[in-house]
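The block underneath contains the structure these notes are about, expressed in structure tokens.
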Amino acid sequence: MVCRLKILWLLFLLLIITTLNLKAVNVIANVNLQQEISVTTGAELDVKELILGHLADSYEWSIWSDGEKQVSLSLPIILYSKNSGWHVFLSSRFEHGHSRYNGFYIATDGKYNGKIVEVDETGSVERPLDLSLTKNAASLIINSLILSLIILGVAKVMKREPLKSHKGFAGLMEMFILAIEDEVIKATVGKDYKRYSPYLLTVFFFIFINNLMGLMPFFPGGANVTGNIAVTFVLAISTFLAVNLTGSRAYYKEIFWPDVPTWLKVPFPLMPIIEVVGMFTKPFALMIRLFANIMAGHAIVLGLTCLVFVTVSLGPAINSSMTALSILFTVFINFVELLVAFIQAYVFTLLSAVFIGLARDDQSTGSKKKLETVESKVQQ
């Protein structure tokens, strides 16, 4: 058993090292390309543009680049223009953003930077109705399919042998499910927890699988899904609806007529206004926390990699030392990101369960105080 665990750990470390090498090759290739362009034009390497370009969504899925040759997966472009109607074609028509097609092109600056635009009859730049399948949207679909296959496979194994203690991947998934079910959902929601278990478990594994796939630099990974504000916005709205559409009378009484001195409620409803604002700040905090933490992790790795090229002009001694330091910190941050991938999924699920538990009718005063304590600790 010990020997098998050692082998698994070695394979895990090998996978991480391979992932880091592939990520470094891809980033360095792109940096080299930008550095060559900078040398040719006499401009400095734009680190900010490089990092934001890697974090942003795109209309194609870059699989490999060596600085000269780029291999990418073309995605479907679906547009509706007021002038010419519907257009459906592949993103390869834009030739990596260097050409136009049917009057459409990908803007490289301005408020529409990175988006498909067109020039109307008056010469002004406009955005058509864009229903294209972008890299993040495609990754969202692929990751959801992977998650569905994993859950259905594990459920099939559990159904076949429900009383048996499972090993391997099924046992690992069982451990995750029971941990979230017992330690998070059941402990915070209360006796009505089974009603919310499907949603909360789905949220946890959805965020977790997307976080892990975002750390993979090769297809079908590498997309910044949970670092996209639109994705975290939808997740936060889902929790907001789960809390407020199933809230009890006592929950709404605490919002619109809280147990405070009357002068704080009438004639000016100070406390009800604060409580209503709190209804929206909770999901807002969920949205920003997940978005900021995931995006910051990717940005730090890219920033540390760029140190190698930024310090070239400072001489070989400083550049060599900064290169070694950059590699060490990059490896360390990637290990931290593996932990953050789980922590952020756990925290989002925990806070969602806390908010749901506070809105339930079966919570006593003591239970609510306990839940509020958990909420304040997690937010800190």
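Karplus-based coupling profile of region 153-170, in residue order and whole Hz: x, 5, 4, 5, 5, 5, 5, 6, 9, x, 9, 8, 7, 8, 10, x, 5, 4, with θ = phi - 60° in 6.51 cos²θ - 1.76 cosθ + 1.60 and x standing for Gly or Pro.
In a shell of Cβ-Cβ distance under 15 Å around Y112, excluding Y112 itself, what net charge do Lys and Arg (+1) and Asp and Glu (-1) give? Every neighbour counted, the sum reads -2. For region 135-379, the calculated P(r) over all alpha carbon pairs, in 10 Å bins from 0 to the bin holding the longest distance, is 7, 25, 28, 21, 12, 6, 2, 0 percent. Of the cross-linked pairs K186/K282; K135/K194; K191/K265, those separated by over 24 Å at the C-alpha level are K135/K194; K191/K265.
Specify the inter-centroid distance of region 261-283 and region 74-96, based on alpha-carbon positions, in whole Å. Going from one Cα centre to the other spans 48 Å. Mean separation of Cα pairs under 8 Å and 6 or more residues apart, divided by the residue count, gives region 135-379 a relative contact order of 27 percent.
A short reminder: the numbers here are calculations on the coordinates, not readings from a lab. What you are looking at is a predicted structure, and each value in this text was computed from that prediction instead of being measured. FYI the Cβ positions are ideal-geometry reconstructions off the backbone, even for glycines, and counts take in every protein chain you see.
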